[in-house]
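Written below as structure tokens is the structure these notes are about.
The values are calculated or read from the model by the stated rules, or taken from the named source; none is laboratory data. Given the structure is predicted, the values throughout are model-derived calculations rather than measurements. Cβ atoms come from the backbone with ideal geometry, glycine included; neighbour counts cover every protein chain shown. Just the protein is used for accessible areas: all its heavy atoms, side chains included, with ligands, DNA and RNA removed. Shrake-Rupley method; radii C 1.70, N 1.55, O 1.52, S 1.80 Å.
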Amino acid sequence: MGIILVDLMLFGFLVLTALAIMRLTNLFAVTMLAGLFSLLAAGLFVTMDAVDVAFTEAAVGAGISTVLMLSALALTARNEKPFVIVSRRMAVPLICCLVTGAALIYGTLDMPAFGDPDAPVHTHVGGEYITRVIPDTGVPNIVTAVLASYRGYDTLGETTVIFVAAIAVLLLIGFPRSATRRRDEDGSE
Amino acid sequence: MHHHLILRVVAKLLLPFILLYALYVQWHGDYGPGGGFQAGVIFAVGFILYALVYGVDALVRVVPRGVLVGAMAVGLLLYAGTGVVSLFLGLDYLDYSRLAHDPVHGQEWGILLVELGVGIAVAAAMTAIFVAFATREPDIDDEDW
């Protein structure tokens, strides 16, 4: 009962935050609310016992991406451009959203209930991992064992993605060897 | 330089604990939640906090840009290199079973090494992205804010 109340409260705040993000035009406030959104999502992951995911969401979503968004915001405008509502143009996106949303809700009807022990995810490969992880690797945290050993290729790809993303950012916005030299060049112009 | 005295003192007090916690998450990922990715992010957050309070130039003096880019590559190569080592030991790519005297210990060593690679790559990449953004001169005036 208590956990349901916590879930309802977190989901309620999540929806309120999303609505506030939609309505606000001040990008600074939007960035801070996006961080709050991630923190609430991390809380929800904790109530689902997915602590590794919650940890990542709190550190990346609420922590570092907020800082990176703020530093990107410093290079651009602080307010969104005023949005002119043209009712003729709204029909198609609205229908797209409604149809997609209805399809997603229809899709959830077939899903097993949360924590259902007969769900396919628990009866096939999940149980296999739980019985094999300790004899195979001796690592008590199954998530770590799956990430780094059984699914090592995927994690290698993930690390490569982060490496490539950082290289792309450095190439796009520039990474001068030294800030002082660049400042001298600016001064001489 | 005397602005935000409390902020500077508190940040200086917090920094060692943030970095120590990152190391804890890194090496304790086998037993508790977390691992290389989370540890790398927390480590980068420590550096970014330092940059926010003391300025990006101070951070660049501590970790030069070349070190950041190098560490990104070293982390990724440590991961990929662990896989190459297991190839030379006669196993599949990223199969760690022969990295130690018995397969279970080999797996533990392999997981530790690749997580360390992930941690180094993520910490360097996040810090590099922040430094790149923060050292770029903004194009807008203060009045626009």
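So, in the stretch B:42-60, exactly how many residues are open to solvent by 30 Å² or more (accessible area, probe 1.4 Å) and over 16 Å from B:Ile129 (Cα atoms)? Qualifying residue count for the region: 1. Consider the stretch B:78-109. How many of its residues are facing chain A (nearest Cβ under 10 Å), out of contact with any helix residue (DSSP H, G or I) (no Cβ under 6 Å at 6 or more places or on another chain) and within 30 Å of B:Gly46 (Cβ to Cβ)? Residues flagged as facing chain A (nearest Cβ under 10 Å), out of contact with any helix residue (DSSP H, G or I) (no Cβ under 6 Å at 6 or more places or on another chain) and within 30 Å of B:Gly46 (Cβ to Cβ) within the stretch B:78-109 amount to 3.
Residues in the stretch A:166-189 that are more than 7 Å from chain B (Cβ to nearest Cβ) and either crowded, with 19+ Cβ neighbours inside 10 Å or modelled with pLDDT of 85 or more (or both): A:Ile167, A:Ala168, A:Leu171, A:Leu172.
For the stretch A:122-145, what are the residues that are within 7 Å of chain B (Cβ to nearest Cβ) and either touching a Lys or Arg at 6+ places or on another chain (Cβ under 7 Å) or charged (D, E, K, R) (or both)? Of everything in the stretch A:122-145, just one residue is within 7 Å of chain B (Cβ to nearest Cβ) and either touching a Lys or Arg at 6+ places or on another chain (Cβ under 7 Å) or charged (D, E, K, R) (or both), namely A:Asp136.
Might you let me know whether the stretch A:74-85 holds any residue that is hydrophobic (A, V, I, L, M, F, W, C) and in contact with a Gly (Cβ under 8 Å, 6 or more places away or on another chain)?
No; the residues of the stretch A:74-85 include none that is hydrophobic (A, V, I, L, M, F, W, C) and in contact with a Gly (Cβ under 8 Å, 6 or more places away or on another chain).
For the stretch A:10-24, indicate whether the set of residues that are of a type outside the set (Asp, Glu), touching a helix residue (DSSP H, G or I) at 6+ places or on another chain (Cβ under 8 Å), not assigned by TED's automatic domain parsing to the domain that holds A:Ala145 and not in a helix (DSSP H, G or I) is non-empty. Within the stretch A:10-24, one or more residues are of a type outside the set (Asp, Glu), touching a helix residue (DSSP H, G or I) at 6+ places or on another chain (Cβ under 8 Å), not assigned by TED's automatic domain parsing to the domain that holds A:Ala145 and not in a helix (DSSP H, G or I). Against the criterion of being surrounded by 15 or more Cβ atoms within 10 Å (Cβ to Cβ), of a type outside the set (Lys, Arg), farther than 27 Å from A:Val164 by Cβ and touching a residue at least 24 places away in the same chain (Cβ under 8 Å), B:Val63 does not qualify. Pairs meeting the criteria (first residue in the stretch B:1-24 and open to solvent by 100 Å² or more (accessible area, probe 1.4 Å), second residue among the basic types (Lys, Arg) and not in a helix (DSSP H, G or I), beta carbons under 6 Å, at least 6 apart or on different chains) are lacking.
Of all the listed residues (A:Ala102, A:Ala148), the sole one being over 20 Å from the mean Cα position of the chain (by Cα), surrounded by 10 or more Cβ atoms within 10 Å (Cβ to Cβ), within 13 Å of another protein chain (Cβ to nearest Cβ) and aliphatic (A, V, I, L, M) is A:Ala148. Among residues of the stretch A:126-141 that are under 19 Å from A:Gly115 (Cα atoms), those with a Cβ under 8 angstrom from a residue that is in a helix (DSSP H, G or I) and open to solvent by 20 Å² or more (accessible area, probe 1.4 Å), sequence gap 6+ or separate chain, pair up as A:Tyr129/A:Ile142; A:Tyr129/A:Val146; A:Tyr129/A:Tyr150; A:Ile130/A:Ile142.
Within the option set B:Leu76, B:Leu87, B:Leu91, being farther than 23 Å from B:Ala51 by Cβ and touching a residue at least 40 places away in the same chain (Cβ under 8 Å) holds for one residue only, B:Leu76. Taking the stretch A:46-120 as the region of interest, the helices (runs of 4 or more DSSP H) fully inside it that hold 2 or more residues being in the same structural domain as A:Ile4 (by TED's automatic domain parsing) and at pLDDT 90 or above are A:51-56, A:65-73.
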